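Chemist: I have a structure here, written as structure tokens, and I will follow up with some questions on it.
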């Protein structure tokens, strides 16, 4: 059977994809890792503060994506929303360290939570609700694996860049210059990428016109789940492995620097290279997705990811830690590549924005509420007690990575069930009609 020719996206779209995907991941890495480190160093070492901040940010991200994604579906336009929201996303990143100037500990904790939610609102509008929906509309099954392989390299590249830059700036000049430089990068890339990208062309839903709020939440109906059964099964798989990631990832920089004792610049130079190499490997993995099929590679990605978490839990020396980080990072990006392409295949094109919001429930809301809480409980129970500036807390323990490995393996079960379900012969029309009359 001949391999179908890949659909070409054009130079402008490719440049926009690179700029927007890279800068967006810079902003997310800054929020998911360095906002937490800032809170630990400046506000309080109590892991409960980070757990609360991550949970409320996840709620904000989910609600924002659901509402703004539905809005972009109804407008039939993605470009304008992407351009404007990327600019404000960068500005909100620049403003975040202002919370450190608040003298009251309680008010400072409140300030970081509020500023984090503001940043998340613009980020989810820009990236989750609009950019991901735009990618769904401009790609098809002939090129989604390749595009996902490239875009999912940027979380790792962003980790490298932020780690190296933080090692240079934070220890010498403090957090303000670091957040300012990263935020301005998002603004510039958003302006350029948002200006040159081609507007996505998609057929808007011509079904019965319904109100905005009814449309926004229509994806949660029994009918929607039935019509998109495979998509929701994949969402459930994502929920499991994303929860596993959130057990350890919010605390990983603190673990490397405080528990293991490595400085920011050492982490940047040694581990940054491993993360970059895993991202490059992910590009080639993405090309395999279009050839070998998504279910088989999803199983491989989950096993590699679990192995990576386990290796990190065992690593102490820099050489072993580098190898472990490479395996863990490759497992993370491999899962994102497969699910990113697979979800786009299964998402209704006219509801791409709306379903980004539903995806966020399984990818962000539930994992970022459940995962960090599990991690915080493990750290509080087994972590080393520490006092920073008179404030009591705990250092992260290797057990958060062990827990992440075990939780990742659970995600194998829904994937295997999906594979078995896909191999069964389709039901006859007569059976379907009978079910509908029941």
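For (1) at pLDDT 85 or above; (2) surrounded by 24 or more Cβ atoms within 10 Å (Cβ to Cβ); (3) assigned to a helix (DSSP H, G or I), each residue gets a yes or a no:
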site: 94; (1), (2), (3): yes, no, yes
site: 99; (1), (2), (3): no, no, yes
site: 106; (1), (2), (3): no, no, yes
site: 113; (1), (2), (3): yes, no, yes
site: 117; (1), (2), (3): yes, no, yes
site: 120; (1), (2), (3): yes, yes, yes
site: 127; (1), (2), (3): yes, yes, yes
site: 132; (1), (2), (3): no, yes, yes
site: 136; (1), (2), (3): no, yes, yes
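Chemist: Within segment 109-131, is there a residue that is in contact with a helix residue (DSSP H, G or I) (Cβ under 7 Å, 6 or more places away or on another chain) and more than 25 Å from residue 363 (Cα to Cα)?
Modeler: Within segment 109-131, one or more residues are in contact with a helix residue (DSSP H, G or I) (Cβ under 7 Å, 6 or more places away or on another chain) and more than 25 Å from residue 363 (Cα to Cα).
Chemist: Restricting attention to segment 247-275, and to residues there that are surrounded by 19 or more Cβ atoms within 10 Å (Cβ to Cβ), farther than 15 Å from residue 37 by Cα and modelled with pLDDT of 80 or more, which single residue is farthest from the chain's Cα centre (by Cα)?
Modeler: Going through the qualifying residues, I end up with 274.
Chemist: I'd like the residue in segment 362-386 that is at pLDDT below 85 and in a helix (DSSP H, G or I) and, out of all such residues, is farthest from residue 154 (Cα to Cα).
Modeler: 369
Chemist: Can you find a residue that is surrounded by fewer than 23 Cβ atoms within 10 Å (Cβ to Cβ), over 21 Å from the mean Cα position of the chain (by Cα) and in a loop (DSSP other than H, G, I, E, B) anywhere in segment 166-183?
Modeler: Checked against the condition, which is being surrounded by fewer than 23 Cβ atoms within 10 Å (Cβ to Cβ), over 21 Å from the mean Cα position of the chain (by Cα) and in a loop (DSSP other than H, G, I, E, B), segment 166-183 yields at least one hit.
Chemist: Please determine, by comparing only the residues of segment 1-17 that are modelled with pLDDT of 75 or more and within 11 Å of residue 140 (Cα to Cα), which one is surrounded by the fewest Cβ atoms within 10 Å (Cβ to Cβ).
Modeler: 8
Chemist: Follow-up question, since we're still on this one. Taking residue 44, is it under 27 Å from residue 251 (Cβ atoms), surrounded by fewer than 23 Cβ atoms within 10 Å (Cβ to Cβ) and touching a strand residue (DSSP E or B) at 6+ places or on another chain (Cβ under 8 Å)?
Modeler: In short, yes.
Chemist: Look at segment 52-90 and say how many of its residues are closer than 30 Å to residue 393 by Cα and buried (at least 24 other Cβ atoms within 10 Å of the Cβ).
Modeler: 6
Chemist: Then there is this: Whether any residue in segment 314-325 is more than 19 Å from residue 159 (Cα to Cα) and in contact with a helix residue (DSSP H, G or I) (Cβ under 6 Å, 6 or more places away or on another chain) is what I want to check.
Modeler: The answer is yes, given that some residue of segment 314-325 is more than 19 Å from residue 159 (Cα to Cα) and in contact with a helix residue (DSSP H, G or I) (Cβ under 6 Å, 6 or more places away or on another chain).
Chemist: Next up: Does residue 39 satisfy the criteria of being modelled with pLDDT of 75 or more and closer than 19 Å to residue 360 by Cα?
Modeler: Here the answer is no, as residue 39 does not meet what is asked.
Chemist: Test each condition in (1) more than 26 Å from residue 200 (Cβ to Cβ); (2) over 15 Å from the mean Cα position of the chain (by Cα); (3) assigned to a helix (DSSP H, G or I) for residue 32 and report the one that comes out false.
Modeler: (2)
Chemist: Across segment 196-219, which residue is modelled with the highest pLDDT among those that are surrounded by 12 or more Cβ atoms within 10 Å (Cβ to Cβ) and not in a loop (DSSP other than H, G, I, E, B)? First the steps, then the outcome.
Modeler: Step one: list which residues in segment 196-219 are surrounded by 12 or more Cβ atoms within 10 Å (Cβ to Cβ), which gives 196-200, 202, 204-205, 215-219.
Now restrict to residues that are not in a loop (DSSP other than H, G, I, E, B): 196, 215-216, 218-219.
Values: 196: 91, 215: 67, 216: 67, 218: 66, 219: 66.
Per the criteria, the residue is 196.
Chemist: In segment 5-20, what residues are in a helix (DSSP H, G or I) and either over 19 Å from residue 181 (Cβ atoms) or in contact with a strand residue (DSSP E or B) (Cβ under 6 Å, 6 or more places away or on another chain) (or both)?
Modeler: At the first step, the residues of segment 5-20 found to be in a helix (DSSP H, G or I) are 11-20.
Of everything in segment 5-20, those that are in a helix (DSSP H, G or I) and either over 19 Å from residue 181 (Cβ atoms) or in contact with a strand residue (DSSP E or B) (Cβ under 6 Å, 6 or more places away or on another chain) (or both) turn out to be 11, 12, 13, 14, 15, 16, 17, 18.
Chemist: Take residue 141 and decide whether it is surrounded by fewer than 21 Cβ atoms within 10 Å (Cβ to Cβ), over 24 Å from residue 93 (Cα atoms) and either touching a strand residue (DSSP E or B) at 6+ places or on another chain (Cβ under 8 Å) or modelled with pLDDT under 75 (or both).
Modeler: Taking the combined requirement at face value, the residue satisfies it.
Chemist: What are the residues in segment 309-327 that are surrounded by 24 or more Cβ atoms within 10 Å (Cβ to Cβ) and touching a residue at least 60 places away in the same chain (Cβ under 8 Å), if any?
Modeler: Just the residues of segment 309-327 that are surrounded by 24 or more Cβ atoms within 10 Å (Cβ to Cβ), to begin with: 309, 312, 325.
Scanning segment 309-327 gives 309, 312.
Chemist: Looking at segment 44-57, is at least one residue in a helix (DSSP H, G or I), over 24 Å from residue 182 (Cβ atoms) and free of Cβ contacts under 8 Å to residues at least 12 places away in the same chain?
Modeler: no
Chemist: From the set of residues in segment 144-165 that are within 15 Å of the chain's Cα centre (by Cα) and more than 25 Å from residue 78 (Cα to Cα), which is surrounded by the fewest Cβ atoms within 10 Å (Cβ to Cβ)?
Modeler: 157
The values are calculated or read from the model by the stated rules, or taken from the named source; none is laboratory data. Treat the numbers as computed from the prediction; the structure is a model and nothing was measured. All Cβ positions, glycine included, derive from the backbone under ideal geometry; neighbour counts span all protein chains shown.
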